[in-house]
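Presented below is the structure to which this report refers.
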Amino acid sequence: MPQSADKILDHELLFREPEYQDIFRNKKAEFEFNHSDESIKQIVEWTKTEDYKQKNFARDSLSVNPAKACQPLGAVYVANGFQKTLSFVHGSQGCVAYYRSHFSRHFKEPTSCVSSSMTEDAAVFGGLNNMVDGLANAYSLYKPDMIAVSTTCMAEVIGDDVDAFIKTSKQKGSVPDEFDVPFAHTPAFVGSHITGYDNALLGILRHFWDGKAKTTEPLVRVPNDSINFIGGFDGYVVGNMKEIRRIFDLFGVQVNIICDPSGNWNTPTDGEFRMYAGGTSKEEVVAALHAKATIVFQEFCCEKTSKFIAEHGQEVVTLNAPIGVAGTDQFLMEISRLTGKPIPAELEKERGELVDAMADSQAHLHGKRYALYGDPDQMLGYAQFLLELGAEPSHVLATNGTETWAAKVQKLFDSSPYGAGCKVYPKRDLWHLRSLLFTEPVDFLIGNTYGKYLERDTKTPLVRMVFPIFDRHHYHRFPTWGYEGGMRVLVTLLDEFFETLDANTIVPGKTDYSYDIIR
């Protein structure tokens with residue numbers, strides 16, 4: 001046998017052993033009944049052609065590997081951003097297992113979330129009893145200060161009235177009457193994780209600002225000079241929130257960060273389990289109403305929330321995940337404008353350091369063509385930085401991007417000579433991108449872990465800079481926002497470029513004429 005006490009093989013080598021190879025051959029011969037190897041090869045080659053691309057882009061009723069997740073995932077993200085708040089998903093256990101594992105695999109931290117455990121009977125008769133029992137159990141077992149409720153497909157198809165269910169649960173004694181249970185409808189069959197983020201964050205702000213589901217009087221705004229900050233759905237939140245707090249501290253500005261899950265996804269190993277760590281407190285949510293303005297880093301991730309805040313009398317500044325020089329410049333100038341404070345000298349110095357680093361390395365990235373996919377605001381941020389480097393964001397794709405977003409990306413292309421010929425693809429998926437990579441090849445691909453299959457198929461090197469990243473560790477601990485974040489992104493782009501160059505010039509006597517020590 002391939003495994004024994006004296007011979008322990010990792011999976012990388014284990015399945016290459018003769019015993020396993022025999023199993024694979026028998027399975028293919030006796031059970032798969034697939035096409036011949038020659039037929040498969042012909043089909044694969046056809047999928048690389050312009051003819052296939054035209055048919056691929058003509059489909060309108062099927063998505064193949066969309067570059068997005070579902071609404072409740074974004075809602076769970078939001079709940080983890082508030083102090084001692086438990087995420088409660090009204091739906092099945094299997095759905096919640098997906099949300100928890102998705103975050104845990106990316107952040108390498110446990111992610112707390114409970115479910116109302118809806119099954120077949122709830123699908124027929126409604127999930128009221130599940131809500132009553134679930135809230136009671138969650139409150140007594142996990143002792144949160146707040147429970148944030150969201151929904152899945154099952155609850156939404158049935159049409160469960162979550163507001164009424166929560167009030168009934170309180171009447172039945174599941175939780176005290178005064179206990180905070182904000183909620184949001186987050187049907188998984190429409191929108192995406194950024195829609196769920198928006199709906200859930202709006203639900204929490206509305207709960208506190210507008211009278212707690214009409215059980216108390218709405219709050220009255222008393223304006224002050226503080227500033228709110230909303231980061232949006234961000235896979236680099238651990239590193240980015242540290243950077244954002246540092247920037248505001250350098251300005252000497254009081255900031256209310258609304259939804260900060262960075263503490264929950266960055267707990268230390270010191271013998272103590274922290275089910276709740278950090279996050280925005282309820283007092284800070286209330287105080288946020290009185291702020292002078294709110295800076296939102298992800299315009300397309302927070303459309304409803306931004307509108308709600310503006311309707312309550314605040315100025316709302318919406319940006320698009322600022323990455324690099326120009327994006328960070330705009331962010332800092334907005335802080336300066338809103339507060340009347342000059343941009344700190346330390347940040348001016350960091351700007352110069354980033355510009356210097358870009359100048360040192362631009363010859364390597366200049367003219368390189370990139371394909372990008374991910375969330376709309378992240379794509380705008382990365383595309384802008386690539387243009388600053390003299391690179392070309394040739395294909396920019398967002399499955400959850402709108403036509404409005406596409407127009408903004410096109411405007412960005414038009415603002416730079418390096419944007420000529422670049423194209424934007426809203427509402428497209430990774431199978432569309434596969435066709436593009438074969439028919440209109442690029443030098444590099446920027447995306448998440450799922451792009452490794454595109455890398456394998458099309459031989460396009462993948463730069464992992466988009467949520468989720470499962471097959472690499474600890475990227476989320478470093479910032480991508482601000483000048484310091486721009487430096488990190490620059491190094492990431494350069495590392496992949498040099499790794500690819502080494503791989504292409506590694507054969508002695510044949511290609512190693514560029515296998516250089518100094519670059």
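Contact order for the stretch 286-336, expressed relative to its length and based on alpha carbon pairs under 8 Å spaced 6+ residues apart, stands at 36 percent. Phe438: net charge of surrounding residues, Cβ under 11 Å, Lys/Arg +1, Asp/Glu -1, itself excluded? Net charge in that neighbourhood comes out at 0. Shape class of the stretch 287-377 from the Cα gyration tensor (axes a ≥ b ≥ c, square roots of the eigenvalues): oblate, since a/c reaches 1.5 or more and a/b does not exceed b/c.
Per residue, the average separation of C-alpha pairs within less than 8 Å and at least 6 apart gives the chain a relative contact order of 16 percent. Taking a ≥ b ≥ c as the square roots of the eigenvalues of the Cα gyration tensor, an a/c ratio of 1.5 or more together with a/b no larger than b/c marks the stretch 1-74 as oblate. With the cut-off at 19 Å, tell me which of the pairs Lys68/Lys459; Lys48/Lys427; Lys242/Lys282; Lys282/Lys307; Lys55/Lys427; Lys368/Lys459 have Cα atoms farther apart than that. Over 19 Å Cα-Cα: Lys68/Lys459; Lys48/Lys427; Lys242/Lys282; Lys282/Lys307.
With a ≥ b ≥ c taken as the square roots of the eigenvalues of the C-alpha gyration tensor of the stretch 165-246, please select rounded if a/c is under 1.5 and otherwise prolate if a/b is larger than b/c or oblate if it is not? It comes out oblate by the Cα gyration axes. Among the GluC sites (Glu not before Pro) in the stretch 219-324, those placed in a DSSP loop whose Cβ has at most 15 other Cβ atoms within 10 Å are Glu272.
Give the distance, in whole Å, between the Cα centre of the stretch 34-91 and the Cα centre of the stretch 315-371. Distance between centres, Cα-based: 33 Å.
Charges were assigned to the Cβ only: +1 to each Lys and Arg, -1 to each Asp and Glu. The resulting dipole of the chain about its Cα centre is roughly 460 debye. Of Ala213, Gly447, Pro18, which is farthest along the charge dipole of the chain in the positive direction, counting Lys and Arg as +1 and Asp and Glu as -1 at C-beta? The Cα lying farthest towards the positive end belongs to Ala213. With the simple model of a label 7 Å out from the Cα in the direction of the Cβ, Arg246 to Asn34 spans 4.8 nm. A helix-only calculation puts the chain at -14500 deg cm²/dmol for mean residue ellipticity at 222 nm, using -39500 (n - 2.57) for each DSSP H run of at least four residues, averaged over all residues. Once the chain from Glu50 to Ala136 is taken as fully extended at 0.36 nm per residue, the excess over their C-alpha distance is 25.2 nm. Exactly which trypsin sites (Lys or Arg not before Pro) in the stretch 177-281 are in a DSSP loop and have at most 15 other Cβ atoms within 10 Å? Sites meeting the loop and neighbour criteria: Lys214, Arg221, Arg274. Among DSSP beta bridges whose residues both lie in the chain, state the antiparallel percentage, nearest 5. Bridges in the chain that DSSP calls antiparallel: roughly 5 percent.
Among the chymotrypsin sites (Phe, Trp or Tyr not before Pro) in the stretch 147-255, which ones are in a DSSP loop with at most 12 other Cβ atoms within 10 Å of the Cβ? Mind listing them? Within the stretch 147-255, the qualifying chymotrypsin sites (Phe, Trp or Tyr not before Pro) (loop, at most 12 other Cβ atoms within 10 Å) are Phe189.
Just so you know, all these numbers are worked out from the coordinates, no wet-lab data involved. Source: prediction; values computed, not measured. Every residue, glycine as well, gets a Cβ built from its backbone with ideal geometry; the counts of neighbours run over all protein chains shown.
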